[in-house]
Amino acid sequence: MACRCGAADPAAPCRPISQYVLKVHSRCDLSCDHCYVYQEADQTWRNRPARMAASTVRAAATRIAEHARAHALPVVHVVLHGGEPLLLGPAGLREVLAELRATLAPGTVLDLRMQTNGVLLDEELCRLLVAYDVKVGVSLDGDRAANDRHRLFAHGGSSHSQVRRALALLRRPEFRSSYAGILCTVDVRNDPDEVYSALLAEEPPRVDLLLPHATWDRPPWRPPGVATPYADWLGRIHQRWVDDGRPVPIRLFDALTPGRAGGGTEAVGLAPADLLVVETDGSWEQVDSLKVAFHGAPGTGLDVFAHPVDEAARHPGVAIRQVGLAGLCAECRACPVVSRCGGGLYPHRWRTGTGFDNPSVYCPDLLALIATVDSRPLPDRPVARRSSPGAPPGHAGDRPPGRPAAPAPRPAGSAGDRHVESATDRLLTGLAGGHGDPWALGVLAQTQLSITRALLATWRDTTGGSAAWELLTELDATAGEAVDAVLTHPFVRPWLVRRLARPGTPDDDLLPALAVVAGVRAEADAELEVPVRGDALVLPTLGRLTVAGARTATVRTVAGRLHVRAGSVERVVPLDAAAGSTLGWQPVRRVPVAGVALAIEDVDPERDCYGQPVAPTLDEPAAAALGRRLARAWQVVHRDVPAHGAALDAGLRAVVPLAPDPGAPLRSATAREAFGAVALTELPDAATMAVLLVHEWQHGKLGALLDLYDLVDPASTVRIPVAWRPDPRPVEGVLQGAYAHLAVAEVWHARAAADRPDPRPARGHAVRYRDWTREAVDALLGSGELTDLGERFVRRMRHALEGLRADPG
Amino acid sequence: MDQTPPRHSPPSLEVLTRSLRTPLGQVATEHPDTLALVRRRFLAGRSAQPGTVPVAAFNSSI
Ligand code: SF4
Ligand code: SF4
């Protein structure tokens, strides 16, 4: 794969790394006897600093940021790890988190995680973790007896009650957003039923089960005469889980289930392991569970001060983990289940003499476990219910050999453990809760951009090359951000879909205008012929220039301005309003809201995609009034439900004024293909506008999610009665309505609970929207029309709904 | 949403992320499968609505 970093040399191929484990503290307050950091072959921790110095954090963050920029990584996952990261204390932790967010977040979406034993977690730390949007995984091996088998203090005391106290803290509504899940290390001497029940009692968003670390030199403990004790033990938990209707994602099982979205994990599957570890002294290391193999096994001899990520990524030990099937031994390559097993966890393959060129030491267990999983297929996947022999390749979860699966974030566990979660899990869980965090919004925006780019490439294939295409691709290689800025304009995709789906439509080519806009954003010197639409030159995201009597205009881009020649008339358009105005130029007006420049989109003709008339371009007073109301409404959303405010900040970029209609004065709309924009009528007050913004943005987010996953059986023809309309709705329409109303219920609930003179109207709205949503959610769950993912999503919605008290206020 | 025609299976997160890392000019040659998936998922069936804007819109009123 050629990459924007330009590292196309086949001898040194580009290997983008998106996951980083930062060993911020190398000591631990527990002394677990199954810990790979302290109890295994590698003992390098003894000579390393206890804490990662601020200068090392900065150097690591700078390396990661430059790598993310060079490879245009949409998301970077950073896991704080140890030892025990909470030994940093609140001040030390804050320093690390602030440095990472400040250095990394401007250029990419930063997914921050931490794996902890939980012993030190308190309210102050929880507040800090929520403030910096850190997702926390906690290590717990099950019930007290199971946990006490290994997870003890050095003095031999139990850590069980402290860990349970930490989990209770994370369950509290104000901290729940930082609760990522539980990581449990398997010990077949424990009772699987007790372990399963104990894990579920903690209401984790997800669970991961980890096989204890072992190699061929030091095989795992097995009871005499039992061939596959680990498969048997896990099989029992799998049975309980299936019987219970898979109430919580269990990563290992999901990853082994064919057709299940989410892809592989570090422990199973062929997904490339794009992961690097930074030790407390700044050394780049390979996956740290390699410590079980031999002393110094994870080392690379490189460090963050002298070596960029690209160099560490080319280390043979890192590189071989990215080549999928080709990196496995002959026996695994010939194995019929290799695409699902992937040879097991890399360190489990180690044997003195043959190195890692072996199957997993758990091979018989892995084979048996896969057979167990296959014996209990998913009950409600549409592909299983309806035969679809022609299903296209690449369905989420479809992982034929040689094609790695979805790039799941692979946060590491507490040292000695590794917590693995897929992007799918996180995306669905985050959005189903009602809001979606900045990470989720970032993923939606990036995948929407990817779809638009694929459609644009299709347009190029359909229409052939052009000067505009040449310019756009050249700019994409040299100034990708400028191209992305124009391709994320909400109305590019609707245009592409219309043109591509209905060839022959008499319509102008938008490509030259897109290329010109990218050119001026990149401060490139370029010239193109751009079609005139009606009587105007329309430049998406910038504005519209009235150009009478010409079919095309020659546009030259120079830093900060455009030179436009149409017929014999030549005009210069400065893009900075402060540099003066040009006759006939109508710039796109923007409102500053919460650090975002929200566009009032009343210029681009492509905005007419809402199935109802859009308003003509507003005059200055009307635009200014709308801008003020939008800014105020935005503040109201932040006041009412800050998480919805953050979700608006993270993704809503344009508002389209709808034409007034006295018969329906309060209207709003979302177009599935115009991600990042909503449409509204002129509204009397900011509080009403706030509700509509939240409502429509829910449709926007869910629409983008539905582009990625089928939550409803695609062949569904069922209609369900709903409380908010007289006519029964298709299942996807019910889901959309319920998702929007869930958020609206939250807004009214917050208003009812606020200290207002008369809370009764808000209380009435809160109850109504909550009841509508509950009825719709129950109808969806009872419909049998949801896919497995859809059911999980809707169950989460119901969980969020239960968080709204019966009697608001 | 009511007007949305039956859709084909979606491209995975991984597929979309990978193609995003590829220069625009090489997306078609390096990710033909992605293009095919995107075409099937997001274009198929759109042309069956002559005379309308083939964009599924969600109109809400309060
Ligand atoms: S397994 Fe985790 S909690 Fe236990 S000693 Fe190792 S680092 Fe500490
Ligand atoms: S470890 Fe065993 S089950 Fe897994 S791929 Fe290799 S041979 Fe197959």
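The values are calculated or read from the model by the stated rules, or taken from the named source; none is laboratory data. Treat the numbers as computed from the prediction; the structure is a model and nothing was measured. Ideal geometry is used to build each Cβ from the backbone, glycine not excepted, and the neighbour counts take in all protein chains shown. Please note that ligands, DNA and RNA were not included when accessible areas were found on the heavy atoms of the full protein model with its side chains. Shrake-Rupley method; radii C 1.70, N 1.55, O 1.52, S 1.80 Å.
In the set (1) open to solvent by 50 Å² or more (accessible area, probe 1.4 Å); (2) on the phi < 0 side of the Ramachandran plot, the condition left unmet by A:Gly225 is number (2). Within the bounds of segment A:34-56, is there any residue that is more than 16 Å from ligand 2 (Cβ to nearest atom), at pLDDT below 90, of a type in the set (Asp, Glu) and out of contact with any Asp or Glu (no Cβ under 6 Å at 6 or more places or on another chain)? Checked against the condition, which is being more than 16 Å from ligand 2 (Cβ to nearest atom), at pLDDT below 90, of a type in the set (Asp, Glu) and out of contact with any Asp or Glu (no Cβ under 6 Å at 6 or more places or on another chain), segment A:34-56 yields at least one hit.
Annotation note: Cβ proximity below 8 Å between a residue of segment A:785-800 that is closer than 19 Å to A:His644 by Cβ and a residue that is of a type in the set (Lys, Arg) and modelled with pLDDT of 90 or more (sequence gap 6+ or interchain) occurs for A:Arg798/A:Arg774. Is it true that A:Ala677 is more than 11 Å from chain B (Cβ to nearest Cβ) and of a type in the set (A, V, I, L, M)? In short, yes. Residue count for segment A:298-328, restricted to those that are part of a loop (DSSP other than H, G, I, E, B), under 23 Å from A:Arg63 (Cα atoms) and away from ligand 1 (no atom under 16 Å from the Cβ): 7.
Residues are listed down the side, and each one gets a yes or a no for (1) farther than 18 Å from A:Leu86 by Cβ; (2) within 16 Å of ligand 2 (Cβ to nearest atom):
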residue	(1), (2)
A:Leu152	no, no
A:Ser161	no, no
A:Arg164	no, no
A:Ala168	no, no
A:Cys184	yes, no
A:Asp193	yes, no
A:Arg206	yes, no
A:Ala227	yes, yes
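Scanning segment A:192-203 turns up no residue that is open to solvent by less than 30 Å² (accessible area, probe 1.4 Å), under 21 Å from A:His34 (Cα atoms) and within 16 Å of ligand 1 (Cβ to nearest atom).
Of all the residues in segment A:699-739, those that are within 30 Å of A:Ala622 (Cα to Cα) and without any contact (Cβ under 8 Å) to a residue 60 or more places away in the chain number 2. Only one of the listed residues (A:Arg672, A:Arg667) is surrounded by 24 or more Cβ atoms within 10 Å (Cβ to Cβ), at pLDDT below 90 and within 8 Å of another protein chain (Cβ to nearest Cβ). That residue is A:Arg672. The residue of segment A:329-342 that is farthest from ligand 1 (Cβ to nearest atom), among those that are farther than 19 Å from A:Asp254 by Cβ and open to solvent by less than 40 Å² (accessible area, probe 1.4 Å), is A:Cys335. On the basis of being open to solvent by 10 Å² or more (accessible area, probe 1.4 Å) and either within 16 Å of ligand 1 (Cβ to nearest atom) or not in a helix (DSSP H, G or I) (or both), does A:Asp357 make the cut? For A:Asp357, the condition - open to solvent by 10 Å² or more (accessible area, probe 1.4 Å) and either within 16 Å of ligand 1 (Cβ to nearest atom) or not in a helix (DSSP H, G or I) (or both) - is met.
Just give me the residues in segment A:82-115 being β-branched (Val, Ile, Thr) and either at pLDDT 95 or above or assigned to a helix (DSSP H, G or I) (or both), in sequence order. Those that are β-branched (Val, Ile, Thr) and either at pLDDT 95 or above or assigned to a helix (DSSP H, G or I) (or both): A:Val96, A:Thr103.
Scanning segment A:608-646 for residues that are within 14 Å of another protein chain (Cβ to nearest Cβ) and exposed (fewer than 15 other Cβ atoms within 10 Å of the Cβ) yields a total of 1. Of all residues in segment A:355-378, exactly one satisfies the criterion of being in contact with an Asp or Glu (Cβ under 8 Å, 6 or more places away or on another chain), within 12 Å of ligand 2 (Cβ to nearest atom) and more than 28 Å from A:Pro316 (Cα to Cα), namely A:Ala368. Residues in segment A:701-711 that are open to solvent by less than 10 Å² (accessible area, probe 1.4 Å) and of a type outside the set (Lys, Arg): A:Leu702, A:Gly703, A:Ala704, A:Leu705, A:Leu706, A:Asp707, A:Leu708, A:Tyr709, A:Leu711. Look at A:Pro592 and say whether it is outside the structural domain of A:Thr541 (by TED's automatic domain parsing), in contact (Cβ under 8 Å) with a residue 12 or more places away in the chain and within 14 Å of A:Ala679 (Cα to Cα). So A:Pro592 does not fit the description; no.
Are any residues in segment A:447-484 closer than 18 Å to B:Leu16 by Cα and more than 8 Å from every other protein chain (Cβ to nearest Cβ), and if so, which ones? Passing the criteria: A:Gln448, A:Thr452, A:Trp459, A:Gly480, A:Glu481, A:Asp484.
For segment A:98-111, the set of residues classified as surrounded by fewer than 24 Cβ atoms within 10 Å (Cβ to Cβ) and not acidic (Asp, Glu) consists of A:Ala98, A:Arg101, A:Ala102, A:Thr103, A:Leu104, A:Ala105, A:Pro106, A:Gly107, A:Thr108, A:Val109, listed by residue number. Tell me, yes or no, whether segment A:65-79 has at least one residue that is touching a Lys or Arg at 6+ places or on another chain (Cβ under 8 Å), away from ligand 2 (no atom under 16 Å from the Cβ) and at pLDDT 90 or above. Yes, some residue in segment A:65-79 is touching a Lys or Arg at 6+ places or on another chain (Cβ under 8 Å), away from ligand 2 (no atom under 16 Å from the Cβ) and at pLDDT 90 or above. So is A:Ala501 touching a residue at least 12 places away in the same chain (Cβ under 8 Å), surrounded by fewer than 21 Cβ atoms within 10 Å (Cβ to Cβ) and within 31 Å of the chain's Cα centre (by Cα) or not? Against the criterion (touching a residue at least 12 places away in the same chain (Cβ under 8 Å), surrounded by fewer than 21 Cβ atoms within 10 Å (Cβ to Cβ) and within 31 Å of the chain's Cα centre (by Cα)), A:Ala501 does not qualify.
Only a single criterion out of (1) open to solvent by less than 10 Å² (accessible area, probe 1.4 Å); (2) at pLDDT 90 or above; (3) at the interface with another protein chain (Cβ under 10 Å from one of its Cβ atoms) is not satisfied by A:Leu444, namely (3).
Within segment A:331-351, being part of a helix (DSSP H, G or I), within 10 Å of ligand 2 (Cβ to nearest atom) and within 24 Å of A:Asp217 (Cβ to Cβ) holds for A:Glu331, A:Cys332, A:Arg333, A:Val338, A:Cys341, A:His348, A:Arg349. No other residue among A:His67, A:His81, A:His150, A:His155 is touching a residue at least 60 places away in the same chain (Cβ under 8 Å), surrounded by fewer than 23 Cβ atoms within 10 Å (Cβ to Cβ) and of a type outside the set (D, E, K, R) apart from A:His150.
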